[in-house]
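Read the structure below first, then the notes.
The values are calculated or read from the model by the stated rules, or taken from the named source; none is laboratory data. Everything numeric here is computed off the predicted structure, so don't read it as measured data. Cβ: placed from backbone, ideal geometry, glycine included. Neighbour counts: every protein chain shown.
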Amino acid sequence: MRYAVLAPSSHNSQPWRFVLKGETVELWPDTSRHLAVADPDRRELTLACGASLFCLRLAAWSVGAGLSVNVSASSERPLASITRAALECEFDWEPEFAALPYLRMDFRPFRVDTPTPALLRAVTRPILGGFPRGFKSYCGPVKVGLVRDDTGRQAISRRVEEAAREQWSDALFRKELAGWEGAEELLAYRLGLPPFLAWLAPRLLPVWSPAERIAESQGQQAREAPVLVVLGAAREGVLEWLSCGECLAALALSGRARGLSWSPFLAVTRRASRRAHVGEQSGVDHPQVLLRLGYGGHVPAPPRRGVDEVCSVG
Ligand SMILES: Cc1cc2nc3c(=O)[nH]c(=O)nc-3n(C[C@H](O)[C@H](O)[C@H](O)COP(=O)(O)O)c2cc1C
């Protein structure tokens, strides 16, 4: 469980809850940590739960245990009921497991050097079959698309910029984010404040819109990204989001294990029309995740809730 809580999540919301029932671990979304304005249909919340589920799989793998995972899209039932099973995974996840404590989203500009095609092949290899290799999928395959050409990046970056402008112009979105714990450093960076003034960020955000600044910087980061990666499922749905979240974690870890950093542009996948556009550029239907990969720098570890805070005995 110590590994499961290290997963990335939308605005570090960590919206997962684990209930231990005898030999079963149930993974539930923590609806008290749902960002209702930013994520009205709970898509990002489910992606984050998927990322946490994958980290749990890796932790079990590291001690030679397999997991049997039963998923459910019903809000009455856990997203996943997990029990121990024989380990059937033959893929070597050691590099990704070793990278897990060091996985950090890097929201700063990346260096200009581009990962080689061979490196990108190695990074995407763990999810190329449509699901983290060696684990049993519970819905259709997750498709991966890489965008490296200038035309594709230009086209996508325009949508990224537009989506960021729309999102950060929304006073309700800014108010929700300002009230969110543990996001000061990221917010300060987005607002252009030096780290020692990070405490000011949540106070400024409700009354000052940084939409233009953020839109420009997000657009530029997408345009100059060494590579953009798109993950998409065969259709929209809770289980598809969950499996995209698993693949997101597997991909980010695979990159980290090979010296690459990541950061997401998820606002652009919130609206169907923009998703369609990203889909056209990447050849991926129903894109759920857009992220950039490249060479970043050192980023301090963001705070995480402890195992005691996210686990209960049912
Ligand atoms: C599903 C998902 C959505 C995310 N959305 C955003 C976002 O909209 N804006 C942002 O700055 N970061 C976003 N992130 C990145 C998180 O902010 C980041 O994972 C979190 O702050 C924890 O930091 P870490 O990944 O470095 O541990 C997202 C991550 C995930 C998994």
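If the requirement is being in contact (Cβ under 8 Å) with a residue 24 or more places away in the chain, touching a helix residue (DSSP H, G or I) at 6+ places or on another chain (Cβ under 6 Å) and more than 25 Å from Val71 (Cβ to Cβ), which of these qualifies: Ala249, Ala257?
Numbers: Ala249 fails: more than 25 Å from Val71 (Cβ to Cβ).
After applying the criteria, what remains is Ala257.
Among the residues of segment 156-172, what is the count of those that are among the hydrophobic types (A, V, I, L, M, F, W, C) and surrounded by fewer than 19 Cβ atoms within 10 Å (Cβ to Cβ)? Full working, then the answer.
Residues of segment 156-172 that are among the hydrophobic types (A, V, I, L, M, F, W, C), as a first pass: 156, 160, 163-164, 168, 171-172.
Narrowing further to those that are surrounded by fewer than 19 Cβ atoms within 10 Å (Cβ to Cβ): 171-172.
Qualifying residue count, segment 156-172: 2.
So, of the residues in segment 167-222 that are of a type in the set (D, E, K, R) and out of contact with any Pro (no Cβ under 9 Å at 6 or more places or on another chain), which turns out to be farthest from the ligand (Cβ to nearest atom)? Before the answer, list the steps.
Initial filter on segment 167-222 (of a type in the set (D, E, K, R)): 170, 174-176, 181, 184-185, 190, 203, 212-213, 216.
Add one more test, that the residue is out of contact with any Pro (no Cβ under 9 Å at 6 or more places or on another chain), and what stays is 170, 176, 203, 212-213, 216.
Working: Asp170: 13, Glu176: 12, Arg203: 19, Glu212: 17, Arg213: 14, Glu216: 15 Å.
Looking at the filtered set, the residue picked out is Arg203.
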Can Pro226 be described as in contact (Cβ under 8 Å) with a residue 24 or more places away in the chain, of a type outside the set (D, E, K, R) and in the same structural domain as Ala118 (by TED's automatic domain parsing)?
yes
Need at least 1 residues that are near the ligand (Cβ under 10 Å from one of its atoms) and modelled with pLDDT of 95 or more per element, so show me which strands (runs of 3 or more DSSP E) inside segment 223-308 make the cut, counting only ones lying wholly within it.
261-264, 287-294
For segment 70-95, what are the residues that are acidic (Asp, Glu) and over 23 Å from the mean Cα position of the chain (by Cα)?
Glu76, Glu88, Glu90
Listed residues Arg190, Arg159, Arg153, Arg213; which is in contact with a His (Cβ under 8 Å, 6 or more places away or on another chain) and either assigned by TED's automatic domain parsing to the domain that holds Asp285 or in a helix (DSSP H, G or I) (or both)?
Arg159
Residue within segment 105-121 that is among the β-branched types (Val, Ile, Thr), touching a residue at least 12 places away in the same chain (Cβ under 8 Å) and within 14 Å of the ligand (Cβ to nearest atom) present
no
